[in-house]
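Heads up: the structure comes next, in structure tokens.
The values are calculated or read from the model by the stated rules, or taken from the named source; none is laboratory data. As the structure is a prediction and not an experimental result, all values here were calculated from the model. Neighbour counts are summed over all protein chains in view; Cβ atoms, including those assigned to glycine, are modelled from backbone coordinates with ideal geometry.
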Amino acid sequence: MSNGREGFDFDVFESDNVTPQSKPQRLCPQCKSPVIGRPNKVFCNSNCRKRYSEPTRNSFSSATKRRENREFFDRAMRLAEELYGIPPNQRLGFMKDLIDYARLGEDRQLQDILSNYVLLHPNPYTDPHLFPKRSRAYCTIAQAASNYCKRFWKSDVKLVVYNRVPEPYDGVVD
């Protein structure tokens, strides 16, 4: 009886230094932590699984967020154009009224505009659209508010518009 293996010469190799192959460590696609458990488990926990399936909220991937950002920066531009559209001797009064209104807390978007990091620190070469009249000679509305707060309040604009510092001394005796 032939087993079909004639003509083949089998050699058995035995080695004492056999090291088991380690499986590559699986990482959670959401938080990059190690995944432990079933071999087909993908996420480290249910929270990561849920967060992974949520869409990201940025202007690139969300039309709603893109519209919100456009409205936000358009309002900032309109405020800056209004500031530079009035005579220079009336601009301090405009800034005072704007900051006083923001301090009331009724307009959260105004507070956010006056303390927004991108508007406070725009790159003059890559972000000319943030400057009024697209000129670096003008400040953004947040920079103008920051300059006003530093000069008259001796404080940061974020602290002033969110009402975290007391009114500055105006010299009037009660």
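Quick notes on this structure:
- Members of the stretch 69-127 found to be under 26 Å from Ser59 (Cα atoms), of a type outside the set (Asp, Glu) and assigned to a loop (DSSP other than H, G, I, E, B), listed by number: Ser115, Asn116, His121, Pro122, Asn123, Pro124, Tyr125, Thr126
- Which listed residue is over 18 Å from Gly85 (Cβ atoms) and either of a type in the set (D, E, K, R) or in contact (Cβ under 8 Å) with a residue 60 or more places away in the chain (or both), from Arg134, Arg108: Arg108
- Count of the stretch 128-147 residues which are of a type outside the set (A, V, I, L, M, F, W, C) and either buried (at least 16 other Cβ atoms within 10 Å of the Cβ) or under 23 Å from Asp97 (Cβ atoms) (or both): 7
- Residue satisfying condition, being farther than 22 Å from Arg164 by Cβ and either in contact with a strand residue (DSSP E or B) (Cβ under 7 Å, 6 or more places away or on another chain) or among the charged types (D, E, K, R) (or both), within set Glu106, Glu82: Glu82
- From the list Pro55, Pro20, the lone residue that is under 29 Å from the mean Cα position of the chain (by Cα) and either on the phi < 0 side of the Ramachandran plot or at pLDDT 75 or above (or both) is Pro55.
- Any chance Leu98 is closer than 12 Å to Ala144 by Cα, surrounded by fewer than 17 Cβ atoms within 10 Å (Cβ to Cβ) and not hydroxyl-bearing (Ser, Thr, Tyr): no
- Ser59 satisfies every condition listed in (1) out of contact with any strand residue (DSSP E or B) (no Cβ under 8 Å at 6 or more places or on another chain); (2) surrounded by 13 or more Cβ atoms within 10 Å (Cβ to Cβ); (3) free of Cβ contacts under 8 Å to residues at least 12 places away in the same chain; (4) over 20 Å from Leu130 (Cα atoms) except (4).
- The residues listed here are Lys158, Lys133; of these, the one that is closer than 22 Å to Arg75 by Cα, assigned to a helix (DSSP H, G or I), modelled with pLDDT under 95 and among the charged types (D, E, K, R) is Lys133.
- The C-beta contact set for the stretch 148-174 (first residue surrounded by 11 or more Cβ atoms within 10 Å (Cβ to Cβ), second residue β-branched (Val, Ile, Thr) and part of a loop (DSSP other than H, G, I, E, B), distance under 6 angstrom, 6+ apart or interchain) comprises Ser155/Val165; Leu159/Val165.
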